[in-house]
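Asker: Dropping the structure in here first, questions after.
We did not get these values from a lab; they are worked out from the coordinates using the rules stated. Note that this is a predicted model, so its numbers are computed, not measured. Quick reminder, even Gly has a Cβ in these numbers, built from the backbone with ideal geometry, and neighbours come from all protein chains shown.
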Amino acid sequence: MDKQKTKKQALKRRQRRVRGKINGTAEVPRLRVTRSNNHIYAQVIDDVTRRTLVSASSLDAEFKASSENGANKAGAAVVGELIGKRAKAAMIDNVVFDRGGYLYHGRVKALADGARAAGLVF
């Protein structure tokens, strides 16, 4: 079997497993992390209404003004701070963290630490 296809299937399996254990509501939405080789993305999602409440990524204009790179931990921390500030502005204090099938280290952990530094509780 194709190695890339196998890796994608394993990621999808891990994502389903994580999503089976957590759920976002209007009171406590889900903070979803997605990463690629060059960028990192974060969304705060209400799973009941299936709406994205707040989002931030390394493609945003505010992020580009910080002159960081989305492919490293420093850039992920900046995106975490952005998502935290935007969530606080939208009156969201508590979230459930969805690591998206990725291991909780490196860029994913840096994003979580940045969001916590901005005031999100999880």
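Asker: Is there a residue being crowded, with 17+ Cβ neighbours inside 10 Å, under 20 Å from Ile92 (Cβ atoms), of a type in the set (Ser, Thr, Tyr) and in contact with a strand residue (DSSP E or B) (Cβ under 9 Å, 6 or more places away or on another chain) anywhere in the stretch 17-25?
Answerer: The answer is no, given that none of the residues of the stretch 17-25 is crowded, with 17+ Cβ neighbours inside 10 Å, under 20 Å from Ile92 (Cβ atoms), of a type in the set (Ser, Thr, Tyr) and in contact with a strand residue (DSSP E or B) (Cβ under 9 Å, 6 or more places away or on another chain).
Asker: So which residues in the stretch 17-35 are in a helix (DSSP H, G or I) and within 25 Å of Ala87 (Cα to Cα), if there are any at all?
Answerer: Val18, Arg19, Gly20, Lys21
Asker: Quickly run through the stretch 40-66 and pick out the residues that are more than 16 Å from Gly114 (Cα to Cα) and not charged (D, E, K, R).
Answerer: Ile45, Val48, Thr49, Thr52, Leu53, Leu59, Ala61, Ala65
Asker: Restricting attention to the stretch 78-97, report how many residues are of a type outside the set (Gly, Ala, Ser), closer than 18 Å to Ser58 by Cα and touching a helix residue (DSSP H, G or I) at 6+ places or on another chain (Cβ under 7 Å).
Answerer: Matching residues across the stretch 78-97 total 5.
Asker: Which residue, of Ala56, Ala10, Ala42, is loosely packed, with under 15 Cβ neighbours inside 10 Å, at negative phi and of a type in the set (A, V, I, L, M, F, W, C)?
Answerer: When all the criteria are applied, what remains is Ala10.
Asker: Looking only at the stretch 83-112, count how many residues are part of a helix (DSSP H, G or I) and under 11 Å from the mean Cα position of the chain (by Cα).
Answerer: The qualifying residues number 8.
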